[in-house]
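Scroll down for the structure; my scribbles are underneath it.
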Amino acid sequence: MASKIQSSAEGSEQASVMSGAGSTPRGRLELVGKIESYDDAVNMAVIIPREDGIICVSDDRTVKVWMKRYTGQYWPSICQNVSGACVCMDFCIELRQLVVGLDCGIIIEFKVGDDYNKVQHVRDYPAHTGRVNAVLLVDENILLSCGSDKCFQINCTETGQRLTGYQLNTSGSCLQYESSSKYVFIGDNSGQITVFKLDADKIERLTTLKRHTATVQCMTLDKSRRLLFSASHDQSIVVWNLKTKDFAAFELHGHL
């Protein structure tokens, strides 16, 4: 899956591309590009692996693919209008598969062309009754999502059918998936992270991780070391050790 960048976080009207490579001193980021063509909030940006390209979704109801030209500037090679404000997305480069969650509860699936100059609409998933907060493509044909309707949904991208779901206690805010264990992690607005086991078309709730005191804004995985990082509105970052049965945790310090 593509790497997700939060430099285009909600409330921002531009997307920036940062780099830590090259001659930049260790620990510093270098600004290598900026996109300033939005009038509304850019809610998510995804770097296209092995390409000088970025996919952005915005409150302006567009999905845009920006490719870097010989001038060094990013230009839109695709601008796809959709029926609602775009909240989140995920992109699988191997299958050129793009899914976009909308504020109206619909998830739209697209097929991106090999040259990144066109997209083909595949299908709509009426997955939620409220804002879609997170979407995730896993295991080639499985689509995970959570939303403000307090539902965790699993759909099949091969058939377009809903496989199963789970009613959460509060709205899910973010998702992560570890393929080796088939664990699904759902951060929510209460500050908790619910852990599920994904088995074919079934899910089993395993436990709830409690450390944060406010909304879990985002999570990311270190797959090689089997560590889950979670960041919250309580201004804390917690590291969870997935190699231990009790998911031992510690808090990172030194950040703002």
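Can you pull out the GluC sites (Glu not before Pro) in region 53-142 that DSSP calls coil and that have at most 11 other Cβ atoms within 10 Å?
Values: sites: Glu94, Glu109, Glu140; in loops: Glu94, Glu140.
Of the GluC sites (Glu not before Pro), the ones in loops of region 53-142 whose Cβ has at most 11 other Cβ atoms within 10 Å are Glu94, Glu140.
Holding the Cα-Cα limit at 32 Å, pick out from Lys34/Lys150; Lys111/Lys182; Lys64/Lys197 the pairs that are longer than that. Mind dumping the intermediate values first?
On the way: Lys34/Lys150 35 Å; Lys111/Lys182 26 Å; Lys64/Lys197 34 Å.
Checking Cα-Cα distances, Lys34/Lys150; Lys64/Lys197 exceed 32 Å.
Using just the Cα positions, wrap the chain in a convex hull and report its mean projected area in square nanometres, one decimal place. The partial results should precede the final answer.
Details: hull surface 55.1 nm².
So the Cα hull casts an average projection of 13.8 nm².
Starting from the amide H of Thr164, placed 1.01 Å from N in the peptide plane, find each other amide H under 5 Å away whose residue is 5 or more places distant or on another chain.
Residues meeting the criterion, in which the H sits 1.01 Å from N, are Ile154.
Taking amide H atoms as placed 1.01 Å from N in the peptide plane, list the residues 5 or more away in sequence, or in a different chain, whose amide H sits under 5 Å from that of Lys150.
Placed amide hydrogens put Gly172 under 5 Å from Lys150.
Using a 10 angstrom Cβ neighbour count of at most 12 plus a DSSP loop assignment to flag exposed trypsin sites (Lys or Arg not before Pro), which longest range of the chain is free of such sites? Intermediate results must be reported in sequence, preceding the final value.
On the way: sites that count: Arg26, Arg28, Arg50, Arg69, Lys223, Arg225, Lys243, Lys245.
The segment 70-222 is the longest one with no such site.
Given a 10 angstrom Cα cut-off, can you work out which residue in Asp188, Asp90, Asp139 is the most mobile in a GNM of the chain?
With Cα springs under 10 Å in the chain, the top fluctuation among Asp188, Asp90, Asp139 is at Asp139.
Taking H as built 1.01 Å from N, whose amide H comes closer than 5 Å to the amide H of Met89, not counting residues under 5 places away?
Gly101, Val135
What list of ³J(HN,Hα) couplings, whole Hz, do you get for region 197-206 from phi and the Karplus terms 6.51, -1.76, 1.60, once you set θ to phi - 60° and write x for glycine and proline?
Values, residue by residue: 10, 9, 10, 6, 9, 10, 10, 10, 6, 9 Hz.
The numbers here are math on the coordinates, done by the rules we state, and not lab data. The shown structure was predicted, so the numbers you read here are calculated from the model rather than taken from an experiment. Neighbour counts run over all protein chains shown; Cβ positions are idealised from the backbone, glycine included.
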